[in-house]
Amino acid sequence: MIRTTARITFRLIIPKRQFYCAAIRKYPAPYTSSAISRTKFHTMSRTESGSFKPVEEAQRQDLPGLEKDMKPTSEATALEGKHEHQEYLAAGKLKGNKAFITGGDSGIGRSVAVLFAREGSDVTIVYLPEEEADAQETKRMVEKEGKQCLLIPGNLMDNETCRKAVEQHMQKFGALHVLVNNASKQVMCEDIAEIDLDMVESTFRSNILQMFAVTKYAVPHMEKGGSIINTTSTVAFRGTAAMVDYASTKGAITSFTQSLAKQLMPKGIRVNAVAPGPVHTPLQPASRPAEQMEGFGKKSGIGRPGQPSEIAPSFIFLASKDAELYFGQILHAYPLGD
């Protein structure tokens, strides 16, 4: 008697896009945003092996700092890969949303704006008038993703500017699903006896008090399912001798986030925060001595600073339905070392 065996193979086909919070694809490849833009503005932070590198050149800017003047510029949309960089691949997580982003012209704010658009959201970005060149580039990148971008120049340290900015957003889009409170500044001072008290007040006004104002005017337009995401910092949890006032504002933002989350939970509006570590943004050369920028990030745990493109997916997660059970949470992004 001859025995026969049959080998049966089963294939389970799962639509990957539904299960990935931050899927990626290889770069370069066909995608909706501008390849020319990313080649021009974002390749300098990369190595040919698909990894990012520390800052090599000493440099200094005046506040608020401009993306276009950074050497190298930061990365808004690509992530590290084994052999080459990989573009963030969207999954329609924010389809139909209308987002309001402060400090959305450059750095983390730019990356959030562009990747929100890639996920399907129209965006409003608020920025200082002197950041117009960066804001226009961000607008162009958002529109290359097929979404609308409303630009609102203005200083959010003025409460009336906060009110008018939210009003302009509502006039343009008619809804506000996601609020990203991202704008901030930092000034270094290593001796409390020498600290400028006027600058301390300015830093608090810039970093936390304007969040109260923007949120006050935004919340009445938000409904159940809405999301507020604040940018705090890992220094709120570990301190920093050189930026006592800045770290204090970030600690305040953390408490603001957790307390507001409890207040708005019954309304179904989620409030969370992202706490980045050292990230390569215009804020760094605009607030540090030039010599501190040479090798910036090299002494950190991974030997380089983070890139905005590595922070923005945390904002996407918190803005999306994937984070429906997240209230008052702080996502730490790259917390080890300076």
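Computed from the coordinates by the stated procedures, all read-outs in this text should not be read as laboratory data. These numbers come from a predicted model, not from an experiment. Cβ placement follows ideal geometry from the backbone for every residue including glycine, while neighbour counts extend to all protein chains displayed.
Over all distinct Cα pairs, what is the inverse of the mean 1/r for segment 162-233, reported as the Kirkwood hydrodynamic radius in Å? All intermediate terms of the calculation are to be shown ahead of the outcome.
Details: mean 1/r = 0.0719 Å⁻¹.
That comes to 13.9 Å for segment 162-233.
From least to most packed, judged by other beta carbons within 10 angstrom and beginning with the fewest, V178, V279, V244 follow the order V244, V279, V178.
How much length is gained on full extension from F237 to K216, taking 0.36 nm per residue of separation minus their Cα-Cα distance? Spell out each step's value before the answer.
On the way: separation 21, 0.36 × 21 = 7.56 nm, distance 2.60 nm.
Working it through step by step, the gained length comes to 5.0 nm.
Subtracting the Cα-Cα distance of E201 and Q263 from their residue separation scaled by 0.36 nm leaves 19.7 nm.
What's the exposure ranking of D105, D198, going from fewest to most Cβ atoms within 10 Å? Present the calculation step by step, with values, prior to reporting the outcome.
Working: D105 30, D198 8.
So the residues, fewest neighbours to most, are D198, D105.
For V200, the shell of other residues with beta-carbons less than 15 Å away shows a net charge of -4, using +1 for Lys and Arg and -1 for Asp and Glu.
Exposure proxy shown here: for D191, D158, the number of other Cβ atoms within 10 Å sets the order, fewest to most, as D191, D158.
Report the semi-axes of the equivalent ellipsoid for segment 130-277 in whole Å, largest first, where each axis is √(5λ) for an eigenvalue λ of the Cα gyration tensor.
Values: eigenvalues 151, 79, 41 Å².
Result for segment 130-277: semi-axes of 28, 20, 14 Å.
Share of Cα-Cα pairs in segment 214-259 beyond 17 Å, in percent?
Working: 445 of 1035 pairs.
Pairs farther apart than 17 Å: 43 percent.
For segment 144-246, trypsin sites (Lys or Arg not before Pro) meeting the loop criterion (DSSP other than H, G, I, E, B) and having at most 16 other Cβ atoms within 10 Å: K224.
Which of the pairs K82/K172; K147/K185; K185/K321; K139/K250; K250/K321; K164/K262 have their Cα atoms more than 32 Å apart in this structure?
Details: K82/K172 42 Å; K147/K185 28 Å; K185/K321 30 Å; K139/K250 28 Å; K250/K321 26 Å; K164/K262 27 Å.
Among K82/K172; K147/K185; K185/K321; K139/K250; K250/K321; K164/K262, the Cα-Cα distance tops 32 Å for K82/K172.
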